[in-house]
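Any read-out appearing in this document is the output of simple, stated calculations on the displayed coordinates, not a laboratory observation. The model shown is predicted, which means the values in this text are computed figures rather than measured ones. A quick note on method: Cβ atoms are made from the backbone with ideal geometry, for glycine too, and the neighbour counts reach across all protein chains shown.
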Amino acid sequence: MSKQQDWQFVNKPAEGEAVCFDLKATIHLSDGSDVDISEQGFLICFQGQYRAWRNHCPHAGAPLDWEPGRFFSDDGGQLLCHVHFAHFDPLSGECLSGPCSRGLYPLEFREMETVIQVPSMISNPESGEEKCHG
């Protein structure tokens, strides 16, 4: 996993909900130069467990929440990319169906009593591992 720097605090989401946060990423190019980009991460609570993900579909790079703040499928059982309808396991990030070829990119987090620390910056983000089953 890439090196993560600088932490920020977000409130814990309720069960089946998500909280978005701003994220800066530095991409290291093959010519030796760096490009800084701005994007978002999101933190979910699913079955009492927290997970933080980069808000970036591995299929086409679009944010998963095409509808702002909406990450879960209608039944609440999977994360859903609202652009091309790829489905992901909320806890593992594994691609369950759809046009994706990889899983979601996980972000480190630190659970505290009332808040969770999430990164404000990542360096050279990877797209995720090959985890598609459908």
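How long is region 10-83 along each principal axis, judged by its Cα atoms, biggest number first, in Å?
45, 26, 18
Pairwise over distinct Cα atoms, reciprocal of the mean inverse distance: report the Kirkwood radius of the chain in Å, one decimal place.
When all Cα pairs of the chain are included, the Kirkwood radius is 14.9 Å.
Using Cα springs under 10 Å in a Gaussian network model of the chain, which residue among Ser101, Ser33, Ser92 shows the largest mean-square fluctuation?
Of Ser101, Ser33, Ser92, the Gaussian network model singles out Ser33 as fluctuating most.
For region 18-99, what is the charge dipole size about the Cα centre, in debye to the nearest 20, if Lys and Arg each add +1 at the Cβ and Asp and Glu each add -1 at the Cβ?
140 debye
Go through Ser97, Val83, His59 and say which Cα lies farthest out towards the positive end of the charge dipole of region 47-123; charges sit on Cβ, +1 for Lys and Arg, -1 for Asp and Glu.
Positive-most Cα among the choices belongs to His59.
Which GluC sites (Glu not before Pro) from region 4-62 combine a DSSP loop assignment with at most 13 other Cβ atoms within 10 Å?
Glu15
Anyone know which of Asp31, Asp74, Asp22 comes out most mobile in the 10 Å Cα GNM of the chain?
Asp31
Could you tell me which trypsin sites (Lys or Arg not before Pro) in region 1-59 are loop residues by DSSP with no more than 15 other beta carbons within 10 angstrom of their beta carbon?
Lys3
Who wins for biggest fluctuation among Pro68, Pro119, Pro58 in a Gaussian network model of the chain, springs between alpha carbons below 10 Å?
Taking springs between Cα atoms under 10 Å, the residue moving most is Pro68.
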